[in-house]
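The values are calculated or read from the model by the stated rules, or taken from the named source; none is laboratory data. Nothing here was measured: the structure is a model prediction, and the numbers come from that model. Cβ atoms come from the backbone with ideal geometry, glycine included; neighbour counts cover every protein chain shown. Note: accessible area is taken over every heavy atom of the protein model, side chains too, but ligands, DNA and RNA are not part of it. Shrake-Rupley method; radii C 1.70, N 1.55, O 1.52, S 1.80 Å.
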Amino acid sequence: MMKKFFLGFLLVIFILILALIGYFFYLKIPLAIDKVLPQGAVVYGKVSDVENNAKKFIQMPVWQAILNLNYRVLVENKIMTQEQKANLETIKKNQEAVINHFMFKKVLGQEIAIAFYMDDLDAKGLEKIISGQEGESAVQAEIFSNLFFVTRLEPEAQIAESLLKTLSSSFGQDVTIEFSRYKGHPMQTFVTSDKSVRIGMTRIKDLLVLGLGDKAAKSVIDVMKNSRAPLEKDQDFLIAQQKFFQGSTLQGFIHLSRIVEKFMPQFEDMILKSAASSDGSQELMVKEMKEKINQFKMAAFSASFDETVKIKINIEQNEKKSASEDAICSLRVNESPSLIPSGALVYFWNSCFNLDYFWKQAKKELAKMAQSSGGDIPADKIKMFEQQIGVQIEQDILPAFGQEAGLYLANIDVQKSFVLPELVIFLEIQDQSRADALLNKLLGKSFLPVQEDFYEGISVHYMETPLANISPAYCYLGKYLLIAINKDLLKSSIDLYTKKTGSLATQNKGQFLDSDFMGQSVLNLFFRVNAISHKLKDIIGFVNVLADAQDNKIRAFQSGSQKRIEDVKKHITDNQLLIIDLQKQQDILKDKIWDLDAAKLESQLEQGQMKVLEDKIQQLTLEIESDEKIIKDIEKGLLGYAQSLEESAIQKIYVQEVVYPVLNSFSFMDVFSIRQNNKGRDLEVNLFIKTQK
């Protein structure tokens, strides 16, 4: 009997030890934020590794360039206000202290999230707030109480006292803590002395939940007590979560459908009430806008900020598009990189160049316009336009082209007299014979003769112009029509295409950061940011030279105008002296006439002389008035010249003190690329930024 009791006692002890070990590990396992927040969020965002990401941000060259601007010069020249200067200087002075502060490290340094809910948000009440019928307190109560903030704490963080001090400092008044329990779980509420602000807080394991009022705290307690479903059970959140890429430190989504469903009725009413006319155009506009907005269900986004910055955006549509709409931007293998030099500054390609679709849409819009205005029917307008250009759209243009289009910028040639972008546009050709016929019709009207040259066996058509390095040209390579600003650019693409080397297609895919950049997609785009920033500085230098020349012209006009004022003023002085002399002659004549009249002698001759003097004085007076008006006009022009020179000086200071430092800061960015895919209802966009080590 004793033996059984002893074995049973050991078994109980063993179970208790296992329970304690399990509880210990339960406390150590981080609680996922989506297990605490309730489902139904319309906006959600989460940032992980906050401290390191914040340090990366403040060390970014672009941010450093902004903080190290010459604020004194910017303020003196009214480019920046004193308040803006003070704010930036405060940020510059305190940003590292904030990130290294124990409150930031222990409370905000690990993981933070925000979620916004609209379940019990009164849309009509919000309309009153927007229209100004309710005040700021209503905004706080109606909106911010539905905004939940969650942060992951360090295990030893004692938050209440520290937060109390921070809030007291922020609100500029005493803040007290009210302690309470909800469904047996402790809550704290921070209350300002005037009772105007109440911030509710609760802690669940290592997660701290905050919100205006007690809605956020009570909601997460409901989730933990299983009386409300967690965010991790939200089907739309799970769909968004599947879109986040592995290793992303920023994750979030915006549920567009829920927002539209909540606010669209009020928005429609506001638009229709404000309508100036009752012809039905507003209703039609609202209907079309609603149809476009309702296409989208939600957007998910994720990002990581390392040596290579990656941002991924997924937009899910509500209903599957029809086959014809899918064809607008169908997934295709991009064959154009074989034509593009590897050192191109900018490259763009897309498979959405569906002229058939765009033309159908254009005809629909023309029909609507004709119906609403009672004007010419679309067919007549189209026929008139076709007669003007000498081309039939549906017979000559639409059958010639495919769905792909793009361009590349090989270089920006900054010369003494102009800036020449070395640009090539390429279009997919569906029927080359129709494309040839179309080009012959269009170019046949040109006053420059079209010439033909052969390079590597490929026909190059071009037109010579008096301008150096400008000879518009086109040729066919593979399935593309290439149009360039000069024929040498086409020859470069021909070399790449025929020799199979030196093009984007033969380069290491890693330079685009995205291994699928050359795979099936809808859109490809990249910029060589560092190289472009240098070219932009060259262009700005070119513009500055033109601006200096213009300023010198204005100064010459100023000098000439000032000389003209001096001459006119001298003319006025001379006339004033003449008037004084004439007035003296008048005085002598008046005395003589008086004497003659007193002696009862004839003064007709002297009266005539007096009339001549009066006419001369009147003429000189009119000249003086005219000269004074001339001076006013010149002075007005001088004021305009001065303002122009002042504006030019401010622009140069802005360029020197702001634009150049910011452009220099972009030198740390090597390549920025974008790839877009359309997969069923899902539109996916991937952005990559490669930074230099």
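Centroid-to-centroid, using Cα positions, the range 624-693 and the range 567-607 are 65 Å apart.
The trypsin sites (Lys or Arg not before Pro) found in the range 390-443 that occupy coil by DSSP, while having at most 10 further C-beta atoms within 10 Å, are Lys416.
Each peptide in 200-206, 290-296, 494-500 was scored by the mean count of other Cβ atoms within 10 Å over its residues; highest first, the order is 200-206, 494-500, 290-296. For Met289 and Gln371, FRET efficiency with R0 = 25 Å and r from the beta-carbon atoms, rounded to 0.05? E(calc), rounded to 0.05, equals 0.85. Length available on full extension from Glu647 to Asp436: 0.36 nm per residue minus the Cα-Cα distance, which gives 70.9 nm.
Across the range 195-269, the relative contact order, built from alpha-carbon pairs under 8 Å that are at least six residues apart, equals 15 percent. Which GluC sites (Glu not before Pro) in the range 513-606 pass both tests, a DSSP loop state and at most 14 other beta-carbon atoms within 10 Å? For GluC sites (Glu not before Pro) across the range 513-606 that sit outside H, G, I, E and B with at most 14 neighbouring Cβ atoms in 10 Å, the list reads Glu602. Which links in Lys310/Lys537; Lys105/Lys233; Lys416/Lys537; Lys569/Lys636 stretch past 21 Å when you go from one Cα to the other? From Lys310/Lys537; Lys105/Lys233; Lys416/Lys537; Lys569/Lys636, over 21 Å: Lys310/Lys537; Lys105/Lys233. Computed from label points 7 Å out along Cα-Cβ, the spacing between Asn411 and Ile425 is 2.3 nm. When each of the peptides 239-248, 447-456 is scored by how many other beta carbons lie within 10 Å of its residues on average, the order from highest to lowest is 239-248, 447-456. Counting protein heavy atoms only, the range 486-597 has 55 percent of its accessible area on carbon and sulfur, 1.4 angstrom probe. FRET efficiency for the Val543 to Ser193 pair, using the beta carbon distance and R₀ = 56 Å, is estimated at 0.45.
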